[in-house]
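Notes for the one structure printed next.
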Amino acid sequence: MNSCAPSSKRQAAETIEAAGARYVDVAVMAPVYPQQNLAPLLLAGPHAAEAEQLLKALPMSPTVVEGPLGSASSIKMIRSIMMKGMEALTAECYPGIDWPFQSAYNLERSLVHGARRAAEMREVAKTVTDLGFPSDMATATVAWQERLGAVERDKELDLEAADYRTIVADITPGLRRKD
């Protein structure tokens, strides 16, 4: 259940299977705390289905993924590019940032400029598609920017006093649309 490359898992499996034991590729997909034993697990390899039943009985939260041994680790490792990369970018680009203020500011920008930002992101999605890549994130951003830009606000936001949680609580009941 350690985080390592699929090839490392396959190498470990060769050693373990040569000794007569069975090896299962297991990837832990969320922090263990606070979920502890119910943290989601991905399992792969020829013994994954059997391991899934044993782990569910403990109880744990395993899910078998299709593919050979290393498939679960592949998913985890690719996910780590984004998750650990975001952490690193945050540390590098925003040291000492006031997160409640920045979150309120970001949300306010989308509420005020959502329609324009959605139009820009449509062009981003087109650019990415034209390059032959999937545009899922850009397309989803279009939907959120449109939704936030269409929110009817009864008052201007005071960013110095605002907390993004308060703003979200104020705008989410029904996400009232402007006419």
| Restricting attention to the stretch 127-136, does a residue exist that is at pLDDT 75 or above, hydroxyl-bearing (Ser, Thr, Tyr) and within 30 Å of Arg10 (Cβ to Cβ)? | no
| query | Restricting attention to the stretch 77-108, which residues are among the acidic types (Asp, Glu) and open to solvent by 40 Å² or more (accessible area, probe 1.4 Å)? | reply | Glu87, Glu92, Asp98
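Table: residues versus (1) at pLDDT 80 or above; (2) over 30 Å from Leu41 (Cα atoms).
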site: Met82; (1), (2): no, no
site: Ala88; (1), (2): yes, no
site: Arg116; (1), (2): yes, yes
site: Leu157; (1), (2): no, yes
site: Ala161; (1), (2): no, yes
| remark: Counting only residues in the stretch 1-13 that are over 28 Å from the mean Cα position of the chain (by Cα) and under 22 Å from Leu54 (Cβ atoms), the one surrounded by the fewest Cβ atoms within 10 Å (Cβ to Cβ) is identified as Ala12
| Quick one: is Gly20 open to solvent by less than 40 Å² (accessible area, probe 1.4 Å) and either without any contact (Cβ under 8 Å) to a residue 24 or more places away in the chain or touching a helix residue (DSSP H, G or I) at 6+ places or on another chain (Cβ under 9 Å) (or both)? | no
| said: Considering only residues that are over 24 Å from Val151 (Cβ atoms) and buried (at least 18 other Cβ atoms within 10 Å of the Cβ), which ones fall in the stretch 114-138? | reply: Ser135
| task | Tell me which residues, restricted to the stretch 34-76, are crowded, with 16+ Cβ neighbours inside 10 Å and part of a helix (DSSP H, G or I). | result | Ala48, Ala51, Glu52, Leu55, Ser71, Ala72, Ser73, Ser74, Ile75, Lys76
| remark: Selection from the stretch 96-105 of residues without any contact (Cβ under 8 Å) to a residue 12 or more places away in the chain and on the phi < 0 side of the Ramachandran plot yields Ile97, Asp98, Trp99, Gln102
| request: State yes or no: is Ala49 under 13 Å from Val26 (Cα atoms), free of Cβ contacts under 8 Å to residues at least 40 places away in the same chain and out of contact with any His (no Cβ under 7 Å at 6 or more places or on another chain)? | output: yes
| message | Val26 - would you say it is open to solvent by 30 Å² or more (accessible area, probe 1.4 Å) and either touching a helix residue (DSSP H, G or I) at 6+ places or on another chain (Cβ under 8 Å) or touching a residue at least 40 places away in the same chain (Cβ under 8 Å) (or both)? | response | no
| note | Across (1) under 30 Å from Gly149 (Cβ atoms); (2) open to solvent by less than 30 Å² (accessible area, probe 1.4 Å); (3) not in a helix (DSSP H, G or I), Leu111 clears everything bar (3)
| Residue check for Leu89: over 18 Å from the mean Cα position of the chain (by Cα) and in a helix (DSSP H, G or I) | no
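The values are calculated or read from the model by the stated rules, or taken from the named source; none is laboratory data. Fair warning: this is a prediction, and the values are worked out from it, not measured in the lab. Cβ: placed from backbone, ideal geometry, glycine included. Neighbour counts: every protein chain shown. What goes into the accessible areas is simple: the full protein's heavy atoms, side chains included, and nothing from ligands, DNA or RNA. Shrake-Rupley method; radii C 1.70, N 1.55, O 1.52, S 1.80 Å.
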